[in-house]
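> Please read through the structure below; I'll follow up with questions.
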Amino acid sequence: MSEPGRRDAPRSANQSECLSSGARTAVRQLLLDTAARVFEAASEDDVFEAVEEGRFPEDHWRAIEENGLVDMLLPEDAGGAGVDFGDAMAVARTAGAFALPLPLVETMIGRWLLSGAGLDAPAGPLGMVTAEARLEVAWPDDISALAVSDAADRVGWVAAGEVESERGANSAGEPVGRLREPPPIPPGQSGGLSSEPSPSTVMAVARSAMIAGAMERILDLTIEHVQGRVQFGRPLARFQAVQQLVAIMASHAAVVGVASDTAVLAVESTHGEGDRNAAFVVACAKARASEACYEVTRIAHQLHGAIGYTREHDLHRFTRRLWAWRDADGDEGYWQQRVGEMAIRSGGAGLWPLLVEGRGAALER
Amino acid sequence: MKAPTVHLRFLPAALPEAAENLRSEVRVLLEETRAEGVWLADGLSWWGRNPALSRALGGAGFIGMTWPRQYGGSERSYLERYVVTEELLAACAPTAFHWFADRQIGPSILRYGTEEQKQRFLPPIARGELSFAVGMSEPDSGSDLASIRTRAERADGGWRLNGSKIWTSYAHEAEYCVALVRTEPKSDKRHAGMSQVIIDLKNSDGITVRPIIDLPGRHDFNEVFFEDTFVPDDCLLGNPGDGWAQVTSELAYERSGPERFLTNFHLLRALVDALDGSASPAARRGVGLLVSRLWALRAASVSVAAALEAGETPNVESALVKDLGTNFQQEVPEIVRRVVAHEGVSDRAVLDILHQVVLAAPSYTIQGGATEILRGIVARGLRLR
């Protein structure tokens with residue numbers, strides 16, 4: 001067991017990396033403390049009430065920008081903080097743990113991709129559209145532009161006002177706009193993708209991290225609930241049937257967490273060196289994360305009973321986001337099919353190397 | 001609302017280059033011995049017992065890898081052993097001859113044994129020449145291991161054993177068995193008064209081995225009866241009364257290993273071989289479901305292996321990996337069945353393995369800690385009990 005709320009940098013078996021990994025851990029912890037403080041402020045009841053009514057929480061968005069969280073991936077000479085991809089994904093995970101109702105991850109990755117293509121991104125929150133897996137943007141009336149990666153391996157941006165989309169809301173009650181296909185990018189607003197992995201892979205790993213964070217929270221809420229709620233003269237936690245369900249939920253949450261972290265490592269280490277390994281690993285991680293949302297939310301609601309099925313308890317903020325996020329950036333069926341295709345293409349003899357070298361390549365840092 | 005409490009510790013882990021480099025060595029050895037006819041992948045995976053393959057692996061330094069050189073080991077890291085283990089499993093190599101000694105009995109002897117015991121048993125285990133069985137369960141003690149009744153009573157120069165052990169795999173073939181027995185009568189302290197003894201199965205009087213045929217129709221289970229069986233003093237392992245602590249201390253190694261999710265990897269491999277680019281989207285998703293779960297389980301298992309290597313005792317995390325891993329294994333044949341039916345796969349190789357795996361599947365979630373016990377351990381780790 002580690003200390004409450006503490007997340008560490010990845011474990012390295014290489015002793016000589018200890019010093020730098022210690023320093024990295026400190027940097028990450030500082031970043032996460034900042035993120036948690038800003039996200040906590042954005043998780044007050046009135047913020048969620050405004051979101052349900054379709055009002056964009058401007059103040060909190062500004063706080064996120066002012067604390068450098070939007071541009072942290074950009075190099076310092078481009079006005080960013082130049083943090084590791086892993087640090088940014090740890091922030092995404094923290095956003096999940098606070099059910100952050102703002103398009104931070106889309107904007108962060110969108111601005112990063114645009115900057116990499118030598119483009120100046122418009123100020124303000126962005127939507128993100130990828131040719132393969134993502135045709136839904138959050139907050140269509142409040143974003144300034146859509147960052148778009150099209151099928152021709154180009155990335156660019158389109159002003160939000162120039163894009164038509166079907167308006168609706170996701171399971172979490174956040175406004176969304178649904179597109180049929182990526183919008184054409186106006187001349188002068190596009191550039192070549194500077195590096196692999198592909199934008200849809202990057203968005204999928206970020207979404208997996210958010211799912212992992214929300215699951216961590218749901219597990220925490222559930223443990224707290226079953227320890228405190230007394231029925232038949234004893235806490236729910238004392239019933240074996242309850243213990244077994246919590247254990248199942250914890251297993252799914254834990255595996256999604258380590259799968260997401262492992263996929264982040266793969267993306268980080270293959271960035272700029274080709275997409276193949278990261279594509280496999282991230283496809284596995286998002287398939288697993290999306291798939292696990294059912295069991296985790298099912299058990300959380302079962303154990304919370306009626307109070308969990310209300311808006312008086314916080315649980316719904318997290319379970320509703322899992323239902324939205326499991327579909328966002330490719331649902332489990334989409335990614336399972338991708339994984340299946342890669343496995344079948346590799347053939348029986350190539351299946352094991354695919355499984356271990358997806359990691360192996362990621363680990364040679 | 002503060003940041004959520006982290007209840008379980010699974011850091012993403014890196015396998016060091018030295019471990020990765022061993023992969024090709026294992027693959028070459030397996031390819032060569034298979035070409036020579038030493039072994040064949042008959043679908044039993046690690047449950048298959050092949051003394052010749054174990055000797056070849058021992059000769060190459062792949063048994064007792066983490067043990068000191070003076071006892072026949074090669075002083076490798078636990079992560080290097082992990083890579084060798086998973087390569088053996090992925091190749092469906094029969095390793096039961098040395099498996100139990102390599103995984104749990106050897107490490108116990110190394111940790112609790114006398115100098116004489118280490119010199120006597122560890123080098124031949126590491127050479128792949130000495131096979132051990134594990135005597136834990138009894139007819140009335142399955143999941144409730146602390147209720148065992150087999151007793152060892154003081155005798156001149158040693159102990160007299162009476163009682164029986166059950167589900168003792170390969171007791172009819174192994175040279176030795178390490179058994180957990182009572183050396184003191186039961187008391188209020190459930191876990192006190194037990195000890196581990198090393199029993200010479202081939203050269204002791206008063207031992208009867210009764211075969212038990214398992215569901216698939218194979219003989220690897222046995223019931224082993226002891227009637228005044230003499231165990232000399234130098235075959236007591238560790239201190240009298242410490243048996244419970246000794247057997248439970250190795251559980252993290254036993255539970256989180258890749259054998260908990262790779263036992264029927266050959267079925268998945270055969271299915272992938274039987275499909276091609278014309279496979280339906282549903283078939284691709286079926287394969288992808290299994291491969292993605294397997295990949296994620298391995299990430300969790302490697303994480304636990306790295307924690308063990310770092311000297312931690314991730315017992316809760318290990319129980320969790322075994323629970324998810326064995327449940328995954330159990331679902332593999334069910335999902336493969338659907339793909340096979342949907343795609344009209346008629347490849348004999350797939351159907352034969354599928355048939356075998358369906359019959360073996362109920363055992364996965366029972367052996368080495370039943371699902372309900374493992375979930376109880378996880379629940380305790382979450383402070384629910």
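> Could you look through region B:240-280, keep only residues that are in a helix (DSSP H, G or I) and charged (D, E, K, R), and pick out the one that is farthest from A:Arg288 (Cα to Cα)?
Once the filter is applied, the top-ranked residue is B:Glu254.
> Just give me the residues in region B:129-143 being without any contact (Cβ under 8 Å) to a residue 40 or more places away in the chain and touching a Gly at 6+ places or on another chain (Cβ under 8 Å), in sequence order.
Matches in region B:129-143: B:Glu138 only.
> Here is a further query. Is it the case that some residue within region B:96-113 is within 24 Å of B:His191 (Cα to Cα) and without any contact (Cβ under 8 Å) to a residue 12 or more places away in the chain?
No; the residues of region B:96-113 include none that is within 24 Å of B:His191 (Cα to Cα) and without any contact (Cβ under 8 Å) to a residue 12 or more places away in the chain.
> Looking only at region A:13-40, which residues are out of contact with any strand residue (DSSP E or B) (no Cβ under 9 Å at 6 or more places or on another chain) and either hydroxyl-bearing (Ser, Thr, Tyr) or at pLDDT below 70 (or both)?
A:Asn14, A:Gln15, A:Ser16, A:Glu17, A:Cys18, A:Leu19, A:Ser20, A:Thr25, A:Thr34
> Exactly one condition in (1) buried (at least 21 other Cβ atoms within 10 Å of the Cβ); (2) under 17 Å from the mean Cα position of the chain (by Cα); (3) touching a residue at least 60 places away in the same chain (Cβ under 8 Å) is false for A:Leu236; which is it?
A:Leu236 satisfies all of (1) buried (at least 21 other Cβ atoms within 10 Å of the Cβ); (2) under 17 Å from the mean Cα position of the chain (by Cα); (3) touching a residue at least 60 places away in the same chain (Cβ under 8 Å) except (2).
> Looking only at region A:78-95, which residues are touching a Leu at 6+ places or on another chain (Cβ under 6 Å) and under 20 Å from A:Ala117 (Cβ atoms)?
Those that are touching a Leu at 6+ places or on another chain (Cβ under 6 Å) and under 20 Å from A:Ala117 (Cβ atoms): A:Gly80, A:Ala88.
> Specify which of the listed residues (A:Ala259, A:Ala253, A:Ala289) is closer than 17 Å to A:Tyr334 by Cβ, buried (at least 24 other Cβ atoms within 10 Å of the Cβ), at pLDDT 95 or above and more than 7 Å from chain B (Cβ to nearest Cβ).
Numbers: A:Ala259 fails: more than 7 Å from chain B (Cβ to nearest Cβ); A:Ala253 fails: closer than 17 Å to A:Tyr334 by Cβ.
It is A:Ala289.
> Continuing with the same structure: Please work out which one of (1) β-branched (Val, Ile, Thr); (2) within 21 Å of B:Lys2 (Cα to Cα); (3) touching a residue at least 40 places away in the same chain (Cβ under 8 Å) is the condition A:Val83 fails and give its number.
Failed condition: (2).
> Another one. Please go through region B:134-157 and give me each residue that is assigned to a strand (DSSP E or B) and buried (at least 18 other Cβ atoms within 10 Å of the Cβ), ordered by number.
Passing the criteria: B:Val134, B:Gly135, B:Glu138, B:Arg151, B:Ala152.
> Within region A:21-74, restricting attention to residues that are touching a Gly at 6+ places or on another chain (Cβ under 7 Å) and charged (D, E, K, R), which residue is nearest to A:Glu174 (Cα to Cα)?
Filtering region A:21-74 for residues touching a Gly at 6+ places or on another chain (Cβ under 7 Å) gives A:51-52, A:71-74.
Add one more test, that the residue is charged (D, E, K, R), and what stays is A:52, A:71.
Details: A:Glu52: 6, A:Asp71: 23 Å.
This residue is A:Glu52.
Every residue, every condition in (1) in the same structural domain as B:Val181 (by TED's automatic domain parsing); (2) surrounded by fewer than 23 Cβ atoms within 10 Å (Cβ to Cβ); (3) more than 19 Å from B:Gln196 (Cα to Cα), yes or no:
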| position | (1), (2), (3) |
| --- | --- |
| B:Gly64 | no, no, yes |
| B:Glu75 | no, yes, yes |
| B:Tyr78 | no, yes, yes |
| B:Pro107 | no, yes, no |
| B:Glu116 | no, yes, no |
| B:Ile125 | no, no, no |
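> Scan region A:97-119 and tell me whether some residue there is part of a strand (DSSP E or B), outside the structural domain of A:Ala214 (by TED's automatic domain parsing), farther than 25 Å from A:Ala42 by Cβ and not acidic (Asp, Glu).
Scanning region A:97-119, I find no residue that is part of a strand (DSSP E or B), outside the structural domain of A:Ala214 (by TED's automatic domain parsing), farther than 25 Å from A:Ala42 by Cβ and not acidic (Asp, Glu), so the answer is no.
> Now a separate question. Determine whether region A:311-331 contains at least one residue that is β-branched (Val, Ile, Thr), within 30 Å of B:Leu275 (Cβ to Cβ) and touching a residue at least 40 places away in the same chain (Cβ under 8 Å). Lay out the reasoning, then the answer.
Our first condition is that a residue be β-branched (Val, Ile, Thr); within region A:311-331, this holds for A:319.
Now restrict to residues that are within 30 Å of B:Leu275 (Cβ to Cβ): none.
Checked region A:311-331: no residue is β-branched (Val, Ile, Thr), within 30 Å of B:Leu275 (Cβ to Cβ) and touching a residue at least 40 places away in the same chain (Cβ under 8 Å).
> Taking B:Pro68 as the residue in question, decide whether it is of a type outside the set (A, V, I, L, M, F, W, C), more than 13 Å from every other protein chain (Cβ to nearest Cβ), farther than 26 Å from B:Gly368 by Cα and out of contact with any Gly (no Cβ under 7 Å at 6 or more places or on another chain). Steps first, please.
Values: of a type outside the set (A, V, I, L, M, F, W, C): yes; more than 13 Å from every other protein chain (Cβ to nearest Cβ): yes; farther than 26 Å from B:Gly368 by Cα: yes; out of contact with any Gly (no Cβ under 7 Å at 6 or more places or on another chain): yes.
Considered against the rule, which asks whether it is of a type outside the set (A, V, I, L, M, F, W, C), more than 13 Å from every other protein chain (Cβ to nearest Cβ), farther than 26 Å from B:Gly368 by Cα and out of contact with any Gly (no Cβ under 7 Å at 6 or more places or on another chain), B:Pro68 comes out as yes.
> So which residues in region A:296-322 are in contact with a helix residue (DSSP H, G or I) (Cβ under 7 Å, 6 or more places away or on another chain) and either surrounded by fewer than 17 Cβ atoms within 10 Å (Cβ to Cβ) or part of a loop (DSSP other than H, G, I, E, B) (or both), if there are any at all?
The answer is A:Gln302, A:Tyr309, A:His313, A:Asp314.
> Let me ask something additional. Out of A:Leu236, A:Leu265, I need the residue that is more than 7 Å from every other protein chain (Cβ to nearest Cβ), touching a Leu at 6+ places or on another chain (Cβ under 8 Å) and on the phi < 0 side of the Ramachandran plot. Which one?
Just one listed residue meets the conditions, A:Leu236.
> Okay, next question. Tally time: how many residues in region B:19-55 are in a helix (DSSP H, G or I) and more than 9 Å from chain A (Cβ to nearest Cβ)?
22
> Which number in (1) within 17 Å of the chain's Cα centre (by Cα); (2) more than 11 Å from chain B (Cβ to nearest Cβ); (3) of a type outside the set (A, V, I, L, M) marks the one condition that A:Arg317 misses?
If we test A:Arg317 against (1) within 17 Å of the chain's Cα centre (by Cα); (2) more than 11 Å from chain B (Cβ to nearest Cβ); (3) of a type outside the set (A, V, I, L, M), just (2) comes out false.
Conditions tested, residue by residue: (1) surrounded by fewer than 20 Cβ atoms within 10 Å (Cβ to Cβ); (2) at pLDDT 95 or above; (3) outside any strand (DSSP E or B).
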residue	(1), (2), (3)
B:Trp159	no, yes, no
B:Tyr170	no, yes, yes
B:Ala174	no, yes, yes
B:Ala179	no, yes, no
B:Ser187	yes, no, yes
B:Val197	no, yes, no
B:Ser204	yes, yes, yes
B:Val209	yes, yes, no
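> It is to be established whether one or more residues within region B:213-226 are among the charged types (D, E, K, R) and over 26 Å from B:Ile366 (Cβ atoms).
So far as region B:213-226 goes, no, none of its residues is among the charged types (D, E, K, R) and over 26 Å from B:Ile366 (Cβ atoms).
> Please go through region B:346-381 and give me each residue that is more than 16 Å from the chain's Cα centre (by Cα), in contact (Cβ under 8 Å) with a residue 40 or more places away in the chain and within 12 Å of another protein chain (Cβ to nearest Cβ), ordered by number.
Those that are more than 16 Å from the chain's Cα centre (by Cα), in contact (Cβ under 8 Å) with a residue 40 or more places away in the chain and within 12 Å of another protein chain (Cβ to nearest Cβ): B:Asp347, B:Ala349, B:Val350, B:Ile353, B:Glu372, B:Ile373, B:Arg375, B:Ile377, B:Val378, B:Arg380, B:Gly381.
> Just give me the residues in region B:249-287 being away from chain A (no Cβ under 11 Å) and without any contact (Cβ under 8 Å) to a residue 60 or more places away in the chain, in sequence order.
none
> Can you tell which of A:Arg24, A:Arg37, A:Arg62, A:Arg55 is assigned to a helix (DSSP H, G or I), of a type outside the set (Ser, Thr, Tyr) and more than 14 Å from every other protein chain (Cβ to nearest Cβ)?
A:Arg62
The values are calculated or read from the model by the stated rules, or taken from the named source; none is laboratory data. Computed from a predicted structure; not experimentally measured. Please note: Cβ atoms are built from the backbone with ideal geometry, for glycine as well, and neighbour counts cover all protein chains shown.
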